[in-house]
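The values are calculated or read from the model by the stated rules, or taken from the named source; none is laboratory data. All of these numbers come straight from a predicted model, not from anything done at the bench. As a convention, Cβ positions derive from the backbone with ideal geometry for all residues, glycine included, and neighbour counts pool all protein chains shown.
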C-alpha cells in the first residue's frame with residue numbers, strides 16, 4: 001500500500017492505493033480516500049466521513065491527532081470504529097461578547113436585566129448581546145451563538161428560530 005497525493009484546484013488531496021497487475025499492466029486501486037491533506041509530514045487529513053484525523057500507513061489505522069483529543073471529547077460513531085469530531089465548533093470568537101457582557105456587569109446593568117422575569121435568562125442575555133453586536137436577522141442568531149464566546153457565558157441558551 002502507498003499514499004497517492006494529488007493537487008486539485010490549489011488543494012492537496014490524498015488516497016491510499018494498492019497496485020494490482022492485470023494482463024501485464026499495473027493499475028492503482030483506491031483502498032481509502034483520505035481527503036484533504038492538512039499536514040503531509042504528520043499524516044493529518046480531513047474528510048466529511050471522519051472529520052480531522054491521522055492515518056498510519058504501516059498499520060492501516062485511523063486515529064485522532066493528540067492535540068485535537070485534548071481540545072474536544074471524541075464522539076464514537078456507533079456504525080463504525082471511526083471517530084468524528086466537529087472541529088468547526090472549536091473556533092470561538094472571544095472578544096466582542098465577553099467585552100459587552102463584562103461592560104454590562106461593571107456598569108451594573110446586568111442586575112437590571114436579571115430582574116426581568118423570563119423563561120430562559122440565558123437566551124434573553126444571549127439575544128441582547130446578539131442585537132447589540134450583530135446587524136443580521138434573528139435567523140442567524142443560533143449560528144452566531146455557536147461561534148461566539150457567548151455559548152460559554154450562557155450555556156443554557158436556546159436560540160433556535162422556533163424559540164425566538
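Taking the numbered list (1) touching a strand residue (DSSP E or B) at 6+ places or on another chain (Cβ under 6 Å); (2) at pLDDT 90 or above in turn, residue 64 passes all entries but (2).
To keep it simple, each residue is scored yes or no on (1) out of contact with any helix residue (DSSP H, G or I) (no Cβ under 9 Å at 6 or more places or on another chain); (2) surrounded by fewer than 15 Cβ atoms within 10 Å (Cβ to Cβ); (3) more than 30 Å from residue 51 (Cα to Cα).
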| residue | (1), (2), (3) |
| --- | --- |
| 97 | no, no, no |
| 100 | no, no, yes |
| 110 | no, no, yes |
| 116 | no, yes, yes |
| 121 | no, no, yes |
| 126 | no, no, no |
| 129 | no, no, yes |
| 132 | no, yes, yes |
| 138 | no, yes, no |
